[in-house]
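Engineer: Attaching a single structure in structure tokens format; questions to follow.
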Amino acid sequence: MFNRHLRKWLGVPKSFSSIGLYSTSSKLQLPLSSITEEFKVTKTRQVMMLRDSKDDKVKEANVDVRTGRKWVQPLWQSADARHRRELVKQEVRRGEEDRQVRAVSMKQQGQYMKWEMARPRKISWHEMWRMDGQKISFLLRSVYDVLPTPTNLTMWKLIEDPSCKFCGKPANLEHVLSSCRTALKDGRYTWRHDQVLREIAAVLDTHRRKKTKIEKGPKFINFIKGGGESSRNTYSKASGIIATANDWEMQADVGGKTTFPREILITTLRPDIVLWSRISRQVILVELTVPWETRLEEAHERKLAKYQELVTDIQEKNWRTWYFPVEVGCRGFVSQTFWRALGSLGLTGPVRRSLVGKVGRQAEEASGWVWRKREEQWKS
């Protein structure tokens, strides 16, 4: 009964698995708990606290707790009372393992098990309350592939032809969101890519403008007299590649109208973001891809190979060069390579977490727009 109303509230179909609702180890984790599991944990805790109480009066009161069947736990007899309670609660919550076993056997709703490079995404109650019904519904149904795509509608025996309206190929969710050549040509995927790129470029542009103290030579400890205060300056302590220079310039290829900085190298290639420092002769290249989540690794290797020759040519011009191909899945799941690249550049802590959240939401929202316009001609 509760699960049925919960699915209705979230805007997902009856066939939506409880894995998507309650899993704590899937790629998309909601702030929900199974009522059945929480009830078992609560009753177990209550029984064991009364039975193992250090107060003899409480122990001998024989309080009747309404529970189900009892079971014997011989392996836990040597544990103390508190530790035993924790072991029992962990055993009750082992339902998560059962959910993962079920997920492996599910061809569609268990596809997230193959997202090896994608970072998990946790939705908080605060974030969920701020999302409108259409967004949370699209996110859940897209992650677990239960949207009414032509292939799903054919499988559900609601239509007969699963073909894409534009190119004639089978239109599953992967095809609609990332593989239709017609959609690629008319700019849908490029528009989504640029939406995500703007978020990354804005944060990098802010970060490069910060004044950082360039440390040279040995570092010494500054001693301060009792009651005194350390001297303050306009520099901030920072780490990462960007912190090694103060004259960074930046160029972002949003809209495909830029050219590679000629002072570095003359080339027709255009990485998405280029940062360079004339004084320290350093170059940072960032190339973004927004692929289907199961192809994150493939996209990374492809872009790594695409610009390898460019990196070599720049290095031969005596520029110290870093190249970061990064990926943000089209349903909002960032790759591990993106997370590590931000750390290497010097974006850590709340700044990194904030940017990861922003680009994930931007990719998800843009894909939602692509989905809603899937049968309409694109107006660029």
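The values are calculated or read from the model by the stated rules, or taken from the named source; none is laboratory data. Quantities reported herein were computed from a predicted structural model and do not represent experimental measurements. All Cβ positions, even for glycine, are placed from backbone atoms using ideal geometry, and neighbour counts span all protein chains on display.
Engineer: If Glu293 satisfies every condition in (1) within 30 Å of Trp115 (Cβ to Cβ); (2) modelled with pLDDT under 95; (3) touching a Gly at 6+ places or on another chain (Cβ under 7 Å) but one, which is the exception?
Structural biologist: (2) is the only condition that Glu293 fails.
Engineer: Please work out which residue is surrounded by the most Cβ atoms within 10 Å (Cβ to Cβ), limiting yourself to the stretch 91-124 and to residues that are part of a helix (DSSP H, G or I) and at pLDDT 75 or above. Break it down into steps so the answer makes sense when it comes.
Structural biologist: Pass one, the stretch 91-124, residues part of a helix (DSSP H, G or I): 91-92, 95-105, 111-114.
Those still in the list that are at pLDDT 75 or above too: 111-114.
Numbers: Gln111: 19, Tyr112: 23, Met113: 15, Lys114: 9.
Once the filter is applied, the top-ranked residue is Tyr112.
Engineer: Among residues belonging to the stretch 236-278 that are among the basic types (Lys, Arg) and over 31 Å from the mean Cα position of the chain (by Cα), point out the one that is surrounded by the most Cβ atoms within 10 Å (Cβ to Cβ). Step through it out loud before you land on a result.
Structural biologist: Residues of the stretch 236-278 that are among the basic types (Lys, Arg), as a first pass: 237, 257, 262, 270, 278.
Add one more test, that the residue is over 31 Å from the mean Cα position of the chain (by Cα), and what stays is 262, 278.
On the way: Arg262: 8, Arg278: 13.
Among those that are among the basic types (Lys, Arg) and over 31 Å from the mean Cα position of the chain (by Cα), it is Arg278.
Engineer: Going by the structure shown, is Thr348 closer than 25 Å to Gln109 by Cα, of a type in the set (S, T, N, Q) and touching a residue at least 12 places away in the same chain (Cβ under 8 Å)? Step through it out loud before you land on a result.
Structural biologist: Values: closer than 25 Å to Gln109 by Cα: no; of a type in the set (S, T, N, Q): yes; touching a residue at least 12 places away in the same chain (Cβ under 8 Å): yes.
For Thr348, the condition - closer than 25 Å to Gln109 by Cα, of a type in the set (S, T, N, Q) and touching a residue at least 12 places away in the same chain (Cβ under 8 Å) - is not met.
Engineer: Let me ask something else. Tell me yes or no: at least one residue of the stretch 130-146 is on the phi > 0 side of the Ramachandran plot and either at pLDDT below 90 or surrounded by 13 or more Cβ atoms within 10 Å (Cβ to Cβ) (or both).
Structural biologist: Step one: of the stretch 130-146, the residues on the phi > 0 side of the Ramachandran plot are 145.
If we keep only those that are either at pLDDT below 90 or surrounded by 13 or more Cβ atoms within 10 Å (Cβ to Cβ) (or both) as well, we get 145.
Scanning the stretch 130-146 turns up at least one residue that is on the phi > 0 side of the Ramachandran plot and either at pLDDT below 90 or surrounded by 13 or more Cβ atoms within 10 Å (Cβ to Cβ) (or both).
Engineer: Another question about this same structure. So how many residues does the stretch 139-153 have that are within 14 Å of Gly110 (Cβ to Cβ) and part of a loop (DSSP other than H, G, I, E, B)?
Structural biologist: The qualifying residues number 3.
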